[in-house]
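Written out below as C-alpha cells is the structure these notes cover.
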Amino acid sequence: MGDKLAPVRVRFAPSPTGRTHLGSGRTALYNYLLARQTGGQFILRIEDTDVKRYVPEAEQELVDSLHWLGLHWDEGPDVGGPYGPYRQSERKEIYLEYARKLIDQDKAYYCFCTPERLKAMRAEQMRLKQPLLYDGTCRNLTQEDALRRVRNGEAHVIRFKTPREGNITVHDYLRGDITVENRTIDDYILVKSDGWALYHLAAMVDDHLMKITHVLRSSEWLSTFPLHAHIIRAFGWQEPTFVHLSVFLKPSGKGKMSKRESDRLIQDGYSIFIKDLEQLGYIPEAVVNWIALMGWSYDDHTEFFTMQDLIEKFSLDHLNPSPAAINFTKFDYFNGLHIRHLSPVDLAHRVKPFLIRAGLKVDDEKLLLIIPIIRERLVTLDDAVQMAGFFFRDELQINPQELIGKNMSVSESLNALEAAYKILQPLECINAQTAEEKLRILADELNIKAGQLFGILRIAVTGQSVSPPLFECMDIIGKETVLSRVEQAIKYLREMEDGLTKA
Ligand code: GLU
C-alpha cells in the first residue's frame, strides 16, 4: 500500500435500472480520480442485461449526471474504444462462449430444474431451517446427457460448479483477506434460461477482456465476492484489485435510506439524485467535494477540494470502509463555499437560468453588479431568486402593512418616508456615500432608529424585509426606479392613513 500506482484501467459499470444517486456518483468519481491520477483509463460500461429491470430513461440521466459532475470517460458506449462494445446487451454471445468454456472444463453445468421444482426445494429448506442453496440435482449429469437435453430444446440455465470442499480466501484492498467456506457458496446461475448472462459472469468476463486493473464497487457486492474470485480463478485469469466502497446511510445514520424517504427529501429542498441537485441549485463542484469526503479523507482537517485537488490527493489508502451518513447540512456548507470560489462572471452565468426559470427578465449587466452583494449569502443558486428577484421586477408586490416601521404608527412611517424622499430626490445618484449619512441624521431628527427608517425604505425599494445591503441595492436599482418605488410606497401609506382617519 501507499506507493503511487502505475496507470490503472478502471470502470464504472452501472445498471440502468433507476435514477442516478449519490452512491453511484461517488463510485464513478473515485474510479475517475484514480484513472486521472495515474494517467490511466476510465471506462463506462453499461450493464443492461436485466431486461425486466431496464428503465429506458435511466441511461440518459446517468450520462447527463456524470457529465454534469465533470466525469468524462475515455472508453464507453458513446465514445467507443478498443475493448468494445461497452454495453453488455451487445455482448451476449461473448458471455455464452465463456460459460461454455467453463462447462467444457467441468467448472459449470447445465441445470434443467424448473422454477416449480426450485420453489418446492426452497420451501422444504426453509421448513428444515437449512441454508437456501441449490441442492445440486443437475450438478452431476453427464455432459452427453445434458447436451442432448439442451439440443432437444429443454429449458435450462447454466450454473457455476462451486467447489464443495475447503475454503476460499479473497482479498479486499480495504478489509484485507476474507476467508469463507466453499460449502456456504451457492452454485450461482451464470446464464439464465433466456440466454442472458448474469452479473457474476458478465462482469468478470468484461473486467478481464477490458483489462481492468482495479474494481472499485459498492460493498453490496462483498457477499458474492468469493463467487467472483472463484469464477476468475476458474478461468485462470489475473485478479484485479478489489476495493469495496462503503455504503451510504440516511442522515440519522440509522440504516439505509428507503425509496419513500429519498422521494420525500425533495420537500426539504434536498435529494439523493444528482439530477435533482442540479435543479435545486447545487453546483457540481460542491457535490464532488462532498461525496469525495463521504468515505475518503486526506487528513483530519482539509475540507475544501476542487476536482484537480482530488485528482492529486486521492488515495485508496485513505478510503474508509465504514458506512457514511449523508449529511445535507455539510452539503449546504460546501455549496456556499464553492459558490464563493466561482468568479463573478461564472456565478452570474450559473444563477441566470434560475432567475429566468422564476419568470424574471434578466439584464446581464445588472446581474454582474448584483453578484458581489449576494454571493456571500447564497447557499444554492436558486436562493438568488429570493434574494435578488426584485432587481428584475418592474412592479413590486408590496404588502402595504409591511411599510409600517417597527414600533411606529402609519403616520410616523409616512412622515419618515416622505422626509427620506426629500433627501434622496436631489441626489445625483443614490448609494452609501451619498445617502447613508444624511438618512442617519434624519432618523436622529425624527427620533427613530436608523434601522427603523432603513426597514421602511427596504420594503419600499426591494419589496422584502430581508435583502442584500440596502444602499448597494439602491445603487444598482438606480435613482429613477428607487424614487418611483418610494413614491408608490408613500402612496400606499397615505391611503392607509386616509383609511384610518375616515374610520
Ligand atoms: N452493474 C452493477 C451495479 O450497478 C455494477 C457493479 C460493479 O461495479 O461491478 O451494481
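What follows is calculated from the coordinates using simple rules that are stated; it is not laboratory data. Source: prediction; values computed, not measured. So basically every Cβ, Gly included, is an ideal-geometry build from the backbone, and we count neighbours across all protein chains shown.
Remark: spin-label model distance LYS211-ARG357 equals 4.3 nm, labels positioned 7 Å along the Cα→Cβ axis.
Most tightly packed first, judged by the mean number of other beta-carbon atoms within 10 Å of their residues, the peptides 425-432, 210-217 read 210-217, 425-432. When you restrict to C-alpha pairs under 8 Å that are six or more residues apart and normalise by the size of the chain, the relative contact order lands at 12 percent. As a ratio to 2.2 N^0.38 Å, the alpha-carbon radius of gyration for the range 63-178 is 1.50. Averaged over residues, the count of other Cβ atoms within 10 Å places the peptides 223-233, 437-447, 126-136, 20-30 in the sequence 20-30, 223-233, 437-447, 126-136, highest first.
Given the range 54-129, what whole percent of its Cα pairs are spread farther than 18 Å?
Numbers: 1928 of 2850 pairs.
So the pairs more than 18 Å apart make up 68 percent of the total in the range 54-129.
You can think of it this way: the chain between GLN425 and ARG340 has 27.0 nm of extra reach, that is 0.36 nm per residue less the Cα-Cα gap.
Computed from point charges on the beta carbon alone (+1 for Lys and Arg, -1 for Asp and Glu), the dipole magnitude for the chain about its Cα centre is near 1800 Debye. Based on the convex hull around the alpha carbon atoms, the range 318-471 presents an average projected area of 13.0 nm². State whether the range 181-340 is rounded, prolate or oblate according to the following rule on the C-alpha gyration tensor (a ≥ b ≥ c being the square roots of its eigenvalues): a/c under 1.5 gives rounded; otherwise a/b larger than b/c gives prolate, and the remaining case gives oblate. Note, shape of the range 181-340 comes out prolate. Bridging of LYS502 to lysines at a Cα separation below 17 Å is possible for LYS491, once same-chain residues fewer than 8 apart are set aside. Seen from all directions on average, the chain presents a Cα convex hull projection of 33.1 nm². When the charge dipole of the chain is built from unit charges on Cβ atoms (+1 for Lys and Arg, -1 for Asp and Glu) and taken about the Cα centre, the candidate among MET474, LEU493, ASN31 whose Cα reaches farthest toward its positive end is ASN31.
Counting only lysines at least 8 places from LYS254 when in the same chain, those with an alpha carbon closer than 19 Å to its own are LYS330.
Where in the chain are the DSSP H helices whose C-alpha atoms run 30 Å or more along the long axis and whose mean Kyte hydropathy is at least -1.0?
Details: long enough: 479-502 (34 Å, -0.73).
Those that clear 30 Å and a mean of -1.0 are 479-502.
Taking each residue as 0.36 nm, the span from HIS301 to GLU93 lengthens on full extension beyond its C-alpha to C-alpha distance by 69.8 nm. Relative to one another, the C-alpha centroids of the range 344-406 and the range 120-188 are positioned 63 Å apart. For the residue pairs LYS52/LYS275; LYS161/LYS259; LYS52/LYS92, the alpha carbons lie more than 26 Å apart in LYS161/LYS259.
Taking each residue as 0.36 nm, the span from ALA432 to ASP194 lengthens on full extension beyond its C-alpha to C-alpha distance by 78.2 nm.
In the range 1-114, inverting the average of 1/r over every pair of distinct C-alpha atoms gives 15.9 Å as the Kirkwood radius.
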